[in-house]
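Visitor: Structure incoming, see below.
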Amino acid sequence: MKSSIWFLAVTVLFCLCLRGKGQLRADYYASSCPNLSKVVWREVFKAIQNEMRMGASLLRLHFHDCFVNGCDGSILLDGSDSEKFAPPNLNSARGFEVIDTIKAAVENECNGIVSCADIVAISARDSVLLSGGRPWTVLLGRRDGLVSNQTGAANGLPSPFDSLGVIISKFAAVGLSTTDVVTLSGAHTIGRARCALFNNRLFNFSGTGAADPTLDSSLASQLQSLCPLNGDGNVTTPLDQSSIDFFDNHYFNNLINNKGVLSSDQILFSGDAATTTSTITLVQSYGSNSGLFFSQFGSSMVKMGNISPLTGNVGEVRKNCRVVNSS
């Protein structure tokens, strides 16, 4: 009898430990914050209505958050060692004020319940939907991290100047595949890029005295006018010149036509590495089948959203997304 009771007690404790470690799930806030989805949707809608580009910015925040320390809201933290000041984010990552506004609205609805990391994840999905894409089920239950990782952001986030092999390696380091590389790069169907991130393709590319040969000549001419030598590197241009601010599969057809703005985009289709890694095949498939792209994009976003989340009693639910809670 005693052994049975002991076995039952150990079993219950084991189950509680598993629950503490936690698994993300869609209905995590069903009881504790039932109107969460409506509140976030309302605020994202207002933000995009005010500035269409904000959809891409909020989507990018989720990406840049998950690649560093996992999806823990660490990109939102202020401070001199903040991820915000890492080269991939400096003068680039944006939308922090919108997250602040959403967080305030959520706190007003259900105080101290919903993490900043989860708000970022929901906002990314809603941004895609409000930009013309298709929704996916966002799994929830993340907790907020206690530290920012500027070095991790500087070294771990893919760069527009990285080779395809390096980009694939950075994705692999967080558990994402080559398919995820191509699929998630499709997020560049919305958003803008600064001249500083692609002007190396416009003049004297690799010492040739001319533009990058994998850049369409008419687009190259257009971008040279926008981004002259010694010009303002913070001037921006749409990443998808054919359907600005609309989430579709045109990004992939742009690559097929040598109209990718960033080198890190165009190399998914052009060059030997695109063939050996089969990214060229995926680009062609997504370019001809928007339904396939939308379906896989949702799957890859769920997969990315599962990168090392803090759950159970690990981390915290921040009251202010910019700072950790006071002890």
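Visitor: Would you be so kind as to identify which of Tyr251, Tyr286, Val261 lies farthest towards the positive end of the dipole of the chain, taking Lys and Arg as +1 and Asp and Glu as -1 on Cβ and the Cα centre as origin?
Guide: Tyr286
Visitor: Which residues in segment 123-141 place their backbone N less than 19 Å from a point set 7 Å from the Cα of Asp27 along the Cα-to-Cβ direction?
Guide: 136-141
Visitor: How large is the convex hull of the C-alpha atoms of the chain per residue, in Å³? Display every interim value, and only then the final one.
Guide: Values: hull volume 50.8 nm³, N = 327.
Cα-based convex hull of the chain, divided per residue, equals 155 Å³.
Visitor: Give the residue from Ile113, Ser169, Val98 lying farthest towards the positive end of the charge dipole for segment 69-174; charges sit on Cβ (+1 for Lys and Arg, -1 for Asp and Glu) and the dipole is referred to the Cα centre.
Guide: Ser169
Visitor: Suppose a student asked you for the relative contact order of segment 40-171, using Cα pairs under 8 Å spaced at least 6 residues apart; what percent would you report?
Guide: Computed over segment 40-171, the figure is 36 percent.
Visitor: Going by average Cβ neighbours within 10 Å, how do the peptides 112-121, 276-285 rank, with the highest at the top?
Guide: Result, highest mean first: 112-121, 276-285.
Visitor: Mind giving me the nanometre distance, one decimal, between the label points for Thr208 and Asn91, set 7 Å out from Cα along Cα→Cβ?
Guide: The modelled label-to-label distance comes out at 2.7 nm.
Visitor: For labels at Ser242 and Leu229 in the simple 7 Å Cα→Cβ model, what's the distance in nm?
Guide: 3.3 nm
Visitor: Here is a further query. Figure the gain on full extension for Ser80 and Asn289 (residue separation times 0.36 nm, minus the Cα-Cα span) and round it to one decimal in nm. Don't skip to the answer; put the middle values down first.
Guide: On the way: separation 209, 0.36 × 209 = 75.24 nm, distance 4.48 nm.
Gain on stretching Ser80 to Asn289: 70.8 nm.
Visitor: Run the count for the chain, please: Lys pairs, Cα-Cα under 19 angstrom, 8 or more apart or on different chains.
Guide: Values: Lys21/Lys303; Lys38/Lys46; Lys38/Lys103; Lys46/Lys103; Lys84/Lys103; Lys103/Lys319; Lys170/Lys303.
Value for the chain: 7.
Visitor: Rounded if a/c is under 1.5, else prolate if a/b is larger than b/c, else oblate: which is segment 221-327, with a ≥ b ≥ c the root eigenvalues of its Cα gyration tensor?
Guide: Numbers: a/c = 2.45, a/b = 1.44, b/c = 1.71.
Cα axes put segment 221-327 in the oblate bin.
Visitor: Where is the GNM fluctuation largest for the chain (alpha-carbon springs, 10 angstrom cutoff): Leu90, Leu215, Leu310?
Guide: Fluctuation is largest for Leu90.
Visitor: Here is a follow-up. Taking all protein chains in place and a 1.4 Å probe, what share, in percent, of the accessible surface of the chain do carbon and sulfur account for?
Guide: Numbers: 8180 of 14930 Å².
Answer for the chain is 55 percent, counting heavy atoms of protein chains only.
Visitor: If I require 15 Å or longer along the helix axis, counting alpha carbons, and a Kyte-Doolittle average no lower than 0.0, what helices from the chain are left? Use full DSSP H segments.
Guide: Working: long enough: 2-21 (29 Å, 1.23); 36-50 (21 Å, 0.07); 54-66 (18 Å, 0.37); 96-109 (20 Å, 0.12); 116-130 (21 Å, 1.32); 290-305 (22 Å, 0.52).
Passing helices, by number: 2-21, 36-50, 54-66, 96-109, 116-130, 290-305.
Visitor: Could you do me a favour and compute the accessible area per residue for the chain, 1.4 Å probe, result in Å²? Spell out each step's value before the answer.
Guide: Numbers: 14930 Å² over 327 residues.
Result: 46 Å² of accessible area for each residue.
Visitor: Return the distance in nm (one decimal) between the two label points of a simple spin-label model at Ala104 and Ser177, each offset 7 Å from Cα along Cα→Cβ.
Guide: That separation, rounded to one decimal, is 4.3 nm.
Visitor: Then there is this: Expressed as a rounded percentage, what relative contact order does segment 101-189 have, with Cα pairs under 8 Å and six or more residues apart? It would help to have the intermediate numbers written out before the result.
Guide: Numbers: 43 pairs, mean separation 15.0, N = 89.
Reported as a whole number, the value is 17 percent.
The values are calculated or read from the model by the stated rules, or taken from the named source; none is laboratory data. Note that the coordinates shown come from a computational prediction; the quantities given were computed from them, not determined experimentally. All Cβ positions, even for glycine, are placed from backbone atoms using ideal geometry, and neighbour counts span all protein chains on display. Side chains are part of the model used for accessible areas, which takes the heavy atoms of the whole protein and leaves out ligands, DNA and RNA. Shrake-Rupley method; radii C 1.70, N 1.55, O 1.52, S 1.80 Å.
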